[in-house]
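Peer 1: This is the structure, below, for whatever I ask next.
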């Protein structure tokens, strides 16, 4: 395996040496991770990052983790601070079946390399699929994003190139996939454990996806960042047991922020029309935080949607009922 910053670039650590480092680090009892409790008895969504790009909100940026009977199975987005929250949750990267991205703004993707690197110290042995949107002139595609991070000769962390380069030997490979979706939900993956659907959503000029994860007979939907235009998200969220929507702007927002994000009235309309079982509001920013803003948001949504509403904080756990 590749080095982690202590050897000269041409040198490589063998798998055995790296494993020895991992064992050594695991013996250091500086911060023992307690056994996690989210989803220990069923299916649950844990919010790793409930904030946006601001640092003053004292929240990790956007990221979610789906637990299935005590195992961390799906990561959706990986904004700044979410790798720390992932560790605090008690999750293990060796358990994760798939990583999904809504889009590649920094507050949704900045901690992806940290999550990937942590997997080396768990000695992950199977490929890690990564699904996300295609690119355009403003954003890389998912395959470009992964290779720009790790590939030789120009990747930002090319010392980890064995994660993506076919000719190099390592314990596992990242498997990035570009998901080209339209206004109608498209099937992305189906296996014995889960089914994934995606739909294109409007987030200004940036390629973006909303996701539905079906596991254990339940439907979990993540809006991602979107202004809510069109009916694709409503179709995707139809009869969802849990709908995670982003509350980044208040009612009455105008200009660029409204072109990027949906206000509470749109969230409520989509939740009502899709007949979702539970609504969780995340991606909370300074302009939507605080009791007054929260009360206004809830009032606007409740004019349209009559189901339960929760405002997410970092590490909150939402069982899927």
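Peer 1: When residues of region 88-105 are filtered for being surrounded by fewer than 19 Cβ atoms within 10 Å (Cβ to Cβ), in contact with a strand residue (DSSP E or B) (Cβ under 8 Å, 6 or more places away or on another chain) and not in a loop (DSSP other than H, G, I, E, B), how many remain?
Peer 2: Residues that pass the stated criteria total 0.
Peer 1: Still on this model: So which residues in region 117-140 are touching a strand residue (DSSP E or B) at 6+ places or on another chain (Cβ under 7 Å), buried (at least 21 other Cβ atoms within 10 Å of the Cβ) and not in a strand (DSSP E or B)?
Peer 2: 133
Peer 1: Scan (1) within 21 Å of the chain's Cα centre (by Cα); (2) touching a residue at least 40 places away in the same chain (Cβ under 8 Å); (3) crowded, with 18+ Cβ neighbours inside 10 Å; (4) over 19 Å from residue 71 (Cα atoms) for the single condition residue 164 breaks and write down its number.
Peer 2: All conditions are met except number (2).
Peer 1: Under 6 Å between Cβ atoms, which residue pairs at least 6 apart in sequence (or on different chains) link something in region 125-149 that is closer than 17 Å to residue 108 by Cβ with a partner that is modelled with pLDDT under 95 and buried (at least 20 other Cβ atoms within 10 Å of the Cβ)?
Peer 2: none
Peer 1: Okay, moving on. List every residue pair whose Cβ atoms sit under 7 Å apart, with the two residues 6 or more apart in sequence or on different chains, where the first one lies in region 109-123 and is farther than 13 Å from residue 145 by Cα and the second, anywhere, is outside any helix (DSSP H, G or I) and at pLDDT below 90.
Peer 2: Filtered contacts from region 109-123: 120/1; 123/171.
Peer 1: So which residues in region 184-203 are assigned to a loop (DSSP other than H, G, I, E, B) and crowded, with 16+ Cβ neighbours inside 10 Å, if there are any at all? Explain how you work it out, then say what you get.
Peer 2: Initially, region 184-203 is screened for residues assigned to a loop (DSSP other than H, G, I, E, B), giving 184-185, 191-194, 201-202.
Answer for region 184-203, where residues must be assigned to a loop (DSSP other than H, G, I, E, B) and crowded, with 16+ Cβ neighbours inside 10 Å: 185, 194, 201, 202.
Peer 1: Tell me, which residue of region 49-73 that is over 20 Å from residue 212 (Cα atoms) and in contact with a helix residue (DSSP H, G or I) (Cβ under 9 Å, 6 or more places away or on another chain) is surrounded by the most Cβ atoms within 10 Å (Cβ to Cβ)?
Peer 2: Residue satisfying both the conditions and the ranking: 51.
Peer 1: Something else about it: Let me confirm something: among 239, 225, 231, which residue is surrounded by fewer than 16 Cβ atoms within 10 Å (Cβ to Cβ) and in contact with a strand residue (DSSP E or B) (Cβ under 7 Å, 6 or more places away or on another chain)?
Peer 2: Values: 225 fails: surrounded by fewer than 16 Cβ atoms within 10 Å (Cβ to Cβ); 231 fails: in contact with a strand residue (DSSP E or B) (Cβ under 7 Å, 6 or more places away or on another chain).
Testing whether each residue is surrounded by fewer than 16 Cβ atoms within 10 Å (Cβ to Cβ) and in contact with a strand residue (DSSP E or B) (Cβ under 7 Å, 6 or more places away or on another chain) leaves just 239.
Rundown of residues vs (1) touching a helix residue (DSSP H, G or I) at 6+ places or on another chain (Cβ under 7 Å); (2) assigned to a loop (DSSP other than H, G, I, E, B); (3) more than 30 Å from residue 89 (Cβ to Cβ); (4) at pLDDT below 95, yes/no style:
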site	(1), (2), (3), (4)
229	no, yes, yes, no
233	yes, no, no, no
256	no, no, yes, yes
269	no, no, yes, no
286	no, yes, no, no
294	no, no, no, no
305	yes, yes, no, no
310	no, no, no, no
315	yes, yes, no, no
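Peer 1: Next question. Let me confirm something: among 249, 244, which residue is modelled with pLDDT of 95 or more, part of a loop (DSSP other than H, G, I, E, B) and crowded, with 20+ Cβ neighbours inside 10 Å?
Peer 2: 249
The values are calculated or read from the model by the stated rules, or taken from the named source; none is laboratory data. Just so you know, these numbers come straight off a predicted model, no measurement behind them. Because the Cβ atoms are built from the backbone with ideal geometry, glycine has one as well, and the counts that use them run over all protein chains shown.
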